Amino acid sequence: MAEDRISSLKINWYPGHMTKARREMEEKIKLVDMVIELRDARAPLSSINPVLSEVIGNKPKVIILAKKDRADGRITPLWKQRFEGEGNKTIALDLLKDNVSKIISDACQEVMRDKIAKGKSRGLKHVEIKAMVVGIPNVGKSTLINSVSRKKMAKTADHPGVTRSLTWIKVSSDVALMDTPGVLWPKFDDQEVAVKLALCGSIKEDVLPLDDILEYGLNYLSSHYPELLKGRYQLEDLSSKDAILKGIAENRKCLDANGGFDLNRAGLLRFREIKNGVLGNISWERPDENS
C-alpha cells in the first residue's frame, strides 16, 4: 500500500469507557509504586500508548512484551535489547505457558529494590509493592492477571474492550496489582500505527477498512514472510493482493453463488487468521526498520 493511501485512512476507535478509564487511572496512579506496561511483541512501538505515557509519568516501570508466542522469535530479542538499552526493564512473555507469577514478582522486586531497602532500613519487616497494569486493548492484561493470581479473577476474551473498571488483585503478601481497562488514544496521527494495531486485534473489526488493512498485511507478508503464505495456502503467485486472495479462495474453496472465487470471503478469512496468529509467528515491526 502506498504511503499516501495509508495516510488517507481514518481509523479510530475510542468508545466512552476509555475516557472514563483514563480519568480513573490518573486518579489512581498515585496509589501505586510502579507500572507494568504491556506491549504487543508483534508491534512493540505501535502498541505504546502516548496517553498512558502521560499518565505513568516518572513511575518506575517494567515493560512486558506480551504474546511473544505469536511474534517472530528472531525479532523479539532485538526489541528487548533495544528497550533495555534505553534503561527499561523488559521481559518477553508467553502469558499462558511461562512461569508468569515468579517472573513478574522477581521483576517488580528488582525495579523496586531501593524502596524495599529503604523500608527495611526503617525497621519494616515487610514492604508491599503496588503496581498498576496498563496497556492497549487485547494486549493480554487480563491474561497476565489471571496467570499471576492463578485464579480467573479478571475477565478475558480474544477481542478488545472486555475490562472496563479498575480492579485490585492481591497476588501475594509481596505484590498487589491494579488491573485497568485497555486504553487507546483519541486520534491516530500515524495511520500505519492503526493498521498494525488492527492486524494485532487491538481495534474492533467492525470499524476497520478491512480491504486496505489486508492489502498492507499481504504486502508486508509477501516481503518478510513469503514462506508462511506459500506454506499455509499452497500459493505460487504472490505478485498482488488479488492474486494471493484468488489462491486462498481456491485453496479454501471460498466460492460465491455462481461458483466463482469469493475474494471478499477469502480476504476476511485471511485477515482473521493473521490477527489470531494462525498463519504463524509474525512481527509487524523490526528495530532495523524503526529507528
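The numbers here are math on the coordinates, done by the rules we state, and not lab data. Quick caveat: nothing in here was measured; it's all calculated off a predicted structure. Here the Cβ positions follow ideal geometry from the backbone for every residue, glycine too, while neighbour counts run over all protein chains shown.
A simple charge model with +1 on the Cβ of Lys and Arg, -1 on the Cβ of Asp and Glu and nothing else charged puts the dipole of the chain at about 1640 debye relative to its Cα centre. Ordering 254, 101, 240 by Cα displacement along the dipole of the chain toward the positive end leaves 101 in first place; charges were set at the Cβ atoms of Lys, Arg (+1) and Asp, Glu (-1). Axis of helix 100-111 versus longest Cα principal axis of the chain: the two differ by about 60°, to the nearest ten degrees.
Relative to the dominant Cα principal axis of the chain, helix 16-28 is inclined by about 20°. Calculated FRET efficiency, residue 239 to residue 211, Cβ-Cβ distance, R0 = 25 Å: about 0.90 to the nearest 0.05. Only one of the listed values, (i) 44; (ii) 34; (iii) 38, was derived from the coordinates as percent of Cα pairs over 27 Å apart; which label is it? Of the listed options (i) 44; (ii) 34; (iii) 38, (i) comes from this structure. Helix content alone sets the calculated 222 nm mean residue ellipticity of the chain: runs of n ≥ 4 DSSP H residues at -39500 (n - 2.57) each, divided across all residues, give -12000 deg cm²/dmol.
Give me the angle, in degrees from 0 to 90, between the Cα long axis of helix 210-224 and the longest principal axis of the Cα atoms of the chain, rounded to the nearest 10. Result, in degrees: 90.
For segment 269-281, 3J(HN,Hα) computed residue by residue from phi via the Karplus equation (6.51, -1.76, 1.60; θ = phi - 60°) reads 4, 5, 4, 5, 6, 5, 4, 8, x, 5, 5, x, 7 Hz, glycine and proline entered as x.
Projected label points at residue 103 and residue 228, each 7 Å from Cα along the beta carbon direction, are separated by 2.0 nanometres.
Taking GluC sites (Glu not before Pro) as candidate sites, keep only those in a DSSP loop with at most 11 other Cβ atoms within 10 Å, then name the longest stretch of the chain containing none of them. Result, exposed sites excluded: 87-235.
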